[in-house]
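Any read-out appearing in this document is the output of simple, stated calculations on the displayed coordinates, not a laboratory observation. None of the values given here were measured: they were computed from a predicted structure. Please note: Cβ atoms are built from the backbone with ideal geometry, for glycine as well, and neighbour counts cover all protein chains shown.
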Amino acid sequence: MTSQHCKDALRYWTIGIQYLHLVESVAEKTSETGNRFVVISDDEIALEEYMQETRWADHALVIPLLFDFYHGIEVLLKGFLVAKGQSLKGSHRLSRLLADFNSQYPSNELNPIIEQYIQAGKLVSPLDEFCQRSNISIDDYYQSLKYPESMAGNAYEHTPLKYKGPKGVQFFEALVQHIVDLRRKAVSLGRSVCPFA
């Protein structure tokens with residue numbers, strides 16, 4: 001690897017970490033507020049009041065939040081490939097990126113964290129149900145978390161990601177912890193690859 005590879009990689013890592021930081025912050029707030037989507041009142045509640053009371057709930061933000069999470073992972077992995085001098089193609093296939101990353105960095109500490117958000121058969125809930133019911137893999141995240149349907153007109157079933165209430169708090173708490181671990185381990189690996197970056 002060259003000094004330029006490391007400079008280029010640092011640009012990727014910085015953006016990837018920024019996306020992950022945003023997801024961590026929002027997921028933390030969702031956990032803190034209990035992920036509630038029901039508001040109980042003796043009086044009629046206006047739509048604006050309901051939206052204010054549930055602004056951190058999964059039904060209001062989980063789709064763009066997961067898009068940012070996966071985009072952060074994608075950019076982070078691309079940074080590690082750039083550090084090794086790999087040329088990048090305009091693909092968003094996370095499973096391919098993870099495989100390429102693992103071939104360049106065998107026995108890395110990031111893979112056990114990342115694979116449970118990418119690899120079929122290991123996906124955490126509710127991501128596994130979302131993929132099954134939408135008949136997709138996480139490789140389709142770039143479409144499925146931006147639009148209600150595929151370019152072929154097949155609807156994505158986002159419901160498994162929403163309205164989880166207090167049960168969904170566990171997902172968001174785990175997501176926060178995984179991002180913290182991912183960030184620390186990515187920085188450590190990045191410093192070992194590019195100590196001057």
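Label positions at E129 and S3, each projected 7 Å from the Cα along the C-beta direction, are separated by 5.4 nm. Of the DSSP H helices in the chain, those with a Cα length along their own long axis of 20 Å or more and a mean Kyte-Doolittle hydropathy reaching 0.5 comprise 58-83. State the Cα centre-to-centre distance between the range 28-76 and the range 122-164 in whole Å. Between the Cα centre of the range 28-76 and that of the range 122-164, the gap is 18 Å. Considering only N111, N135, N154, the Gaussian network model of the chain with Cα springs below 10 Å gives its largest mean-square fluctuation to N154.
Charged side chains reduced to their Cβ positions (Lys and Arg at +1, Asp and Glu at -1) give the chain a dipole of some 1160 debye around its Cα centre.
Note on S137 and A60: the extension gain reaches 25.4 nm, defined as 0.36 nm multiplied by sequence separation minus the Cα-Cα distance.
Among S95, S87, S31, the largest mean-square fluctuation in a Gaussian network model of the chain, built with springs joining Cα atoms closer than 10 Å, belongs to S87. Relative contact order, whole percent, for the chain stands at 32, derived from Cα pairs under 8 Å and 6 or more residues apart.
Which whole-number percent gives the relative contact order of the range 92-176, counting Cα pairs below 8 Å spaced six or more residues apart? Reported relative contact order: 25 percent. Among V23, V176, V187, which one shows the biggest mean-square fluctuation in a GNM of the chain, springs joining Cα atoms closer than 10 Å? Largest GNM mean-square fluctuation: V187. Note on V38 and M151: the model spin-label points, each 7 Å out from Cα along the C-beta direction, lie 4.2 nm apart. Think of it this way: in the chain, C131 stand alone, with no other Cys Cβ under 4.7 Å. The mean sequence distance of close C-alpha pairs (under 8 Å, at least 6 residues apart), as a share of the length of the range 16-82, puts its relative contact order at 53 percent. Each residue, E115 and S188, gets one label point 7 Å from its Cα in the Cβ direction; the gap between the two is 1.8 nm.
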